[in-house]
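**Q** Please read through the structure below; I'll follow up with questions.
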Amino acid sequence: MAEAPGRACVIGAGIVGLNCAFWLRRAGYAVTVIDRDPEGDRASHGNAGAIAVAEILPIPEPGIAKKVPGYLFDPLGPLSIRIRHLPWLWPYLRNFLAAARPARYRAGAAAMAGLLQTAMDDHATMLAEASLSHLIARRGGLFVYRSEAARQAAAEGWAIRRELGIHAEPMDRAAIAALEPALGPEAQCGYYTEDWAHYRDPKELCDGLLDYLRRSGVEIIAAEVVDFEMKEGRPTAAITSRESRRPFDQLVVACGAWSHKLSARFGDFFPLETERGYNTTIPDPGLDVGIMTSFAEDHFVMTPMAVGLRIGGAAEFAGLKAPPDYRRSRALLALAKRYLPGLRTDGGREWMGHRPSTPDSLPVIGPSARFPNVHYAFGHGHLGLTGSATTGRLVADLALGREPNVDLGPFRITRFNADDRAA
């Protein structure tokens, strides 16, 4: 029998952390997952449930600098910034604006296309082994616009998608009505893509994967990591808030919007922000929806789930501690009624989650600049669920010393450092 490669410790029990634990355990590692509340609510529990392979375009698009002043004064807009948070947001925002240069925008899209090219297969592998394949719906995704002029305004983005291998089938009003009868005449045209799927309940996915990991021998610890033990110039154990010591050979930092606080302990500073997303799940919407739909002009989505119709989207920068502003959820419901005649919104459950957001919309995947046994897996923004299985597989490759099948250069943690940019 082959000798086990060693011990791995994953900090974070969100969907990315759980996938890292899955692939490390699959590779033979003895795995420990540490999270302050492994059973608690997190971004992966209440999100839109998409495996959005087609969503490769970075948020900082060319020309977005002209829109930023409006974000400061529209609390219900598609991307809002609470003014009191602006001083803390500036390092992030400065890099965000730099990432909107055309060359970096296209390079970012290409990097994401390369990262997500195996996402469907990686999810399928994880689901099959965890006996969770029944949770996924492979129906594709629909993007709709209110007018042909609006679709033409987004033509460059769709051209980039096609160049990078994304399927995009133009849809007129008749085709949309045939594919999704619940959509009214407000949805005039759009695109259908096969490069999309969704989960019927992302919380059930997280709970099911966590249960599978436990049954597979992964140790799940409810605690906070407060320090690291160092030996021979590298970290070798995590010290938890419960005064326990958890030794490891390989460490993975995958604790979402809090990850940069730990990466800084290893000298890897990163301008991570929390991109707060809102949604409402309507248990009885009064209509049948069959396909996940993105409303491109109004920046929100709807997902048919086992728990109801989930309507959400937009982004808010307000930090980790500010209370939720559920007016955003209600504003999205008002928009949804324009597209969905007969939609009933009573009894909806409002939710807000913290997406870990990077300035260029690319996650951080790869080793620490100083410690080769420390690996980062965070910053996926609204693509955390989409990229989770692939990220876990890549992290396991790195831990084993195997060459990843993806160029991880664009995802390195040092990419915003002055020295790294000059290299």
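**Q** Tell me, what is a quarter of the convex hull surface for the C-alpha atoms of the chain, in nm² with one decimal?
**A** 20.2 nm²
**Q** A further question on this structure: Give a residue-ordered list of calculated ³J(HN,Hα) values for the range 49-57 (Karplus: 6.51 cos²θ - 1.76 cosθ + 1.60, θ = phi - 60°; whole Hz; x for Gly, Pro).
**A** My calculation for the range 49-57 gives x, 8, 9, 9, 4, 6, 8, 9, 7 Hz in order.
**Q** Take peptides 247-259, 109-121 and line them up by average Cβ neighbours within 10 Å, highest first, as a rough protection proxy.
**A** 247-259, 109-121
**Q** Shifting gears a bit: Calculate the length of the line joining the C-alpha centroid of the range 218-273 to that of the range 384-398, in whole Å.
**A** Rounded to whole Å, the Cα centres lie 19 Å apart.
**Q** Which number gives the lysine pairs in the chain that have C-alpha atoms under 28 Å apart and are eight or more places apart or on different chains?
**A** Step by step, the pairs that qualify in the chain add up to 7.
**Q** Another question about this same structure. Using every Cα-Cα pair within the range 162-253, state what percent have a distance larger than 22 Å.
**A** 62 percent
**Q** Treat each spin label as a single point 7 Å out from the Cα along the C-beta direction, and report the Asp288 to Asp121 distance in nm.
**A** Between Asp288 and Asp121, the label points sit 3.5 nm apart.
**Q** How many times 2.2 N^0.38 Å is the alpha carbon radius of gyration of the range 157-197?
**A** Here the answer is 1.26, to two decimals.
**Q** Right, something else. Would you grab the residues whose amide H sits under 5 Å from the one on Phe300? Only those 5+ places off in sequence or on another chain, please, with H modelled 1.01 Å from N.
**A** Under 5 Å from the amide H of Phe300: Phe295.
**Q** Something else about it: Expected output is a single nm value to one decimal: the length gained when fully extending between Ala4 and Gln152, i.e. 0.36 nm times separation in residues minus the C-alpha distance. What is it?
**A** 47.8 nm
**Q** Turning to a different aspect of this structure: For the chain, with every protein chain kept in place, what is the accessible area per residue (1.4 Å probe, Å²)?
**A** 41 Å²
**Q** I'd like the accessible area for Glu61: 1.4 Å probe, protein heavy atoms, all chains in place, Å² to the nearest 10.
**A** Per-residue accessible area (Glu61): approximately 70 Å².
**Q** Once Lys and Arg get +1 and Asp and Glu get -1 on their Cβ, which of Val68, Ala222, His382 lies farthest toward the positive end of the dipole of the chain?
**A** The residue sitting most towards the positive pole is Val68.
**Q** Given labels modelled 7 Å from the Cα in the Cβ direction, how far is it in nm from Asp211 to Arg245?
**A** Simple spin-label model gives 3.7 nm for this pair.
**Q** Right, something else. Counting only other residues whose beta carbon sits under 11 Å from that of Glu163, what net charge do I get with K and R as +1, D and E as -1?
**A** Overall, the nearby charge balance is +2.
**Q** Additional query: If one takes the longest principal axis of the Cα atoms in the chain, at what angle in degrees, from 0 to 90 and to the nearest 10, does the Cα axis of helix 384-400 lie?
**A** So the inclination is approximately 20 degrees.
**Q** Further, regarding this structure: Report the full-extension gain for the segment Lys231 to Leu86: residue separation times 0.36 nm, less the Cα-Cα distance, to one decimal in nm.
**A** 48.2 nm
**Q** Ignoring ligands, DNA and RNA, please state the percent of accessible area on the range 59-206 from carbon and sulfur, probe 1.4 Å.
**A** With neighbouring chains kept in place, the figure for the range 59-206 is 57 percent.
**Q** Please get the size of the charge dipole for the chain, origin at its Cα centre, with Cβ charges of +1 on Lys and Arg and -1 on Asp and Glu, quoted in debye to the nearest 20.
**A** Using only the charged Cβ atoms, the result is roughly 820 debye.
**Q** Starting from the Kirkwood radius over alpha-carbon pairs of the range 1-115, derive D by Stokes-Einstein at 37 °C in a medium of 0.692 mPa s and give it in µm² s⁻¹.
**A** Diffusion coefficient, whole number: 185 µm²/s.
**Q** Between Arg173 and Ser133, take the C-beta separation as r, use R0 = 45 Å, and let me know the FRET efficiency to the nearest 0.05.
**A** With R0 = 45 Å, the Cβ-Cβ based efficiency is 0.80.
**Q** How are the alpha carbon pair distances in the range 273-423 distributed across 10 Å bins from zero to the largest one, expressed in percent?
**A** Distribution as computed: 10, 32, 27, 19, 10, 2 percent.
**Q** Stokes-Einstein diffusion coefficient for the range 263-358 at 37 °C in a medium of 0.692 mPa s, Rh from the Kirkwood formula over Cα pairs: what value in µm²/s?
**A** 225 µm²/s
**Q** Using a 1.4 angstrom probe and counting only protein chains, how large is the accessible area of Asp41 in Å², to 10?
**A** Result for Asp41: roughly 100 Å² accessible.
**Q** OK, next. What translational D, rounded to a whole number of µm²/s, comes out for the range 360-423 from Stokes-Einstein when the hydrodynamic radius is the Kirkwood one over Cα pairs, at 25 °C and 0.890 mPa s?
**A** Using the Kirkwood radius from Cα pairs, D works out to 200 µm²/s.
**Q** Rounded to the nearest 0.05, what FRET efficiency do Ala159 and Glu219 give with R0 = 51 Å and r taken as the Cβ-Cβ distance? Could you check?
**A** 0.60
**Q** For the range 324-332, take each phi angle, set θ = phi - 60°, evaluate the Karplus expression 6.51 cos²θ - 1.76 cosθ + 1.60, and give the result in whole Hz per residue in order, putting x for glycine and proline.
**A** Each residue of the range 324-332 in turn: x, 10, 6, 4, 5, 4, 5, 5, 5 Hz.
**Q** 222 nm [θ] for the chain, helices only, -39500 (n - 2.57) per DSSP H run of 4+, per residue, to 500?
**A** Rounded to the nearest 500, the figure is -9000 deg cm²/dmol.
**Q** Quick check of the Kirkwood formula: for the range 193-346, what is the inverse mean of 1/r over all pairs of different Cα atoms, in Å?
**A** Computed over Cα pairs of the range 193-346, the Kirkwood hydrodynamic radius comes out at 19.2 Å.
The values are calculated or read from the model by the stated rules, or taken from the named source; none is laboratory data. The structure presented is a predicted model; accordingly, all values stated were derived computationally and were not measured. Glycine also receives a Cβ, built like all others from the backbone with ideal geometry; neighbour counts cover every protein chain displayed. When the accessible area is computed, the model is the full protein with side chains, heavy atoms only, and any ligands, DNA or RNA have been set aside. Shrake-Rupley method; radii C 1.70, N 1.55, O 1.52, S 1.80 Å.
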